[in-house]
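Undergrad: What follows is a single structure, and I will ask about it in a moment.
The values are calculated or read from the model by the stated rules, or taken from the named source; none is laboratory data. Since the structure is predicted, the reported quantities are computational estimates derived from the model, not experimental observations. Please note: Cβ atoms are built from the backbone with ideal geometry, for glycine as well, and neighbour counts cover all protein chains shown. Surface accessibility is based on the protein's heavy atoms, side chains included, excluding ligands, DNA and RNA. Shrake-Rupley method; radii C 1.70, N 1.55, O 1.52, S 1.80 Å.
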Amino acid sequence: MWSVQGVDGVPALVEVERPPVGAGEILLEVVAAGVNRADLLQVAGHYPPPAGAPQTLGLEAAGTVVEVGPGVDPVWLGRAAVALVEGGAQAQFCVAHADLALPLPVSGRLNGYVAGAALLEAAVTAWHNLVDCGFPADSGARRAVLIHGGSGAVGTVAVQLAKALGATVGTTAGEPDRCHKLILLGADAAADYHDLDGLLRMKQELTAGRGFDLILDVAGAGGLETNLELLAPSGILNIIGLQKGRHAQLDLGQVLSKSARIQGSTIRGLDVASKVRLVRAVGTHVWPLVQAQRIRPVIAHTLAFSKAKRAHKYLAKATARPLGKIVLFTEA
C-alpha cells in the first residue's frame, strides 16, 4: 500500500506494508486525512512520532472500516468513520483504536469524509483547551475568550465552539480579510495580531478593559508579553503552539499581580485513556453542534494525496495561509 512519509525533508508517497490490526483496533480504508503543523515539523525532523507509532504522516483519518481486531464489535465493519491516531492517517489504510473513532458527523461520500478529516483533531484540541484546560462547559458563567490564530484549522473550530458554549469571543488573524471572515464565522471581534493598539481596543470593547478570562495562543514566546497585558485577573493562558519561538523573558510580577495561570497542552502526547475521554466528549458535545450546523468545517484546500508536497507548502506559508484546514483525499 502507499503512504505519505518524509523523504529527504519533503513529504512523498512511498510503498509500505499494510498494517496489522490488533486487539481493540479497526482498519480504515482512507478517503481523506487532515494536514497539520505536526506533519511539517515531523518531516523537518523536529517532531518525531511517539514510540511505536508509524512513520507515516497524519493525525486524523476518515474512511470506511474494512477490518476489526479482536474485542471490537463487528458492527463497525462497513461504517464510515473518522479516527484520531498518533500517525499513519495519510495512507491507503490506517489502523486506529476503535475507542478513538467516531461516525462521520455529516453525510455525503466525499464531502462527509473531508469534513470528518477537517474536524476531529481540531475539535479535540479546541475542546481540551476551552473546557478541560479552561472552564467547564456547564459552569454557567459567561467568559471572555481570546483565540489567537483564528484562521487556522484549530482556530476556526475554537471560535465556533467557544460561541456555542456561550463565551464572548475575540480572535486574531494576520490580515483584514481573514479578520472579516472570522466575524462572519461568529467571533464578536477580530484584530490583526501585529497591531497592539487594535488588540487593546478589542480588549476594551469586549471586556470593558477587564481582559480575557481565557486566551488560546499559537505564537508561544513571540506573544507572551502581549498576552499578559490582555489577560484578565485570574485568567488562564493556554499555549498550544510555538510558531514564534519557545524562549521568552517573563515579568513574574505581572503574573503574580493578576493571579494568572500559564499552561501548555498537546494532544499527541496524551495517553490513550485521556484521548478516549476527549474523543467521547467531542462525540457527545461537539458532533451534535456540527449536525445542527452551529459548527461548520472550514476547509482551505482539498488536494489529492499525490499533492502532499504542495499541501505542506500551503501550510508553511503562515502569513498567506488561507482560512481553515488543508485536507488530502483519495483520487477516484
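Undergrad: Just name the residue that is modelled with the lowest pLDDT out of those in segment 21-48 that are among the small types (G, A, S) and surrounded by 14 or more Cβ atoms within 10 Å (Cβ to Cβ).
TA: Ranking the candidates gives A38 first.
Undergrad: Where in segment 222-332 are the strands (runs of 3 or more DSSP E), entirely inside, with at least 3 residues that are at pLDDT 90 or above?
TA: In segment 222-332, 231-239, 299-304, 325-329 are the strands (runs of 3 or more DSSP E) which contain 3 or more residues that are at pLDDT 90 or above.
Undergrad: Are any residues in segment 17-41 of a type in the set (V, I, T) and under 23 Å from K309 (Cβ atoms), and if so, which ones?
TA: Within segment 17-41, V30, V31, V35 qualify.
Undergrad: Assigned by the TED database to the domain that holds G166, of a type outside the set (A, V, I, L, M) and open to solvent by less than 30 Å² (accessible area, probe 1.4 Å), is that true of G283?
TA: So G283 does not fit the description; no.
Undergrad: In segment 286-295, which residues are open to solvent by 20 Å² or more (accessible area, probe 1.4 Å) and in contact with a helix residue (DSSP H, G or I) (Cβ under 7 Å, 6 or more places away or on another chain)?
TA: Correct list: L289, R294.
Undergrad: Within segment 123-144, which residues are outside any helix (DSSP H, G or I) and out of contact with any strand residue (DSSP E or B) (no Cβ under 7 Å at 6 or more places or on another chain)?
TA: Scanning segment 123-144 gives P136, A137, D138, S139, G140, A141.
Undergrad: Which one of these is of a type in the set (A, V, I, L, M), without any contact (Cβ under 8 Å) to a residue 60 or more places away in the chain and open to solvent by 60 Å² or more (accessible area, probe 1.4 Å): A51, A83?
TA: Among A51, A83, only A51 is of a type in the set (A, V, I, L, M), without any contact (Cβ under 8 Å) to a residue 60 or more places away in the chain and open to solvent by 60 Å² or more (accessible area, probe 1.4 Å).
Undergrad: If you don't mind, another one. Out of all the residues in segment 57-64, is one or more in contact with a Pro (Cβ under 6 Å, 6 or more places away or on another chain) and open to solvent by less than 60 Å² (accessible area, probe 1.4 Å)?
TA: Among the residues of segment 57-64, not one is in contact with a Pro (Cβ under 6 Å, 6 or more places away or on another chain) and open to solvent by less than 60 Å² (accessible area, probe 1.4 Å), which makes the answer no.
Undergrad: Scan segment 145-166 for residues that are in contact with a strand residue (DSSP E or B) (Cβ under 7 Å, 6 or more places away or on another chain) and open to solvent by less than 10 Å² (accessible area, probe 1.4 Å) and jot them down.
TA: V145, L146, I147, G150, S151, G155, A158, V159, A162
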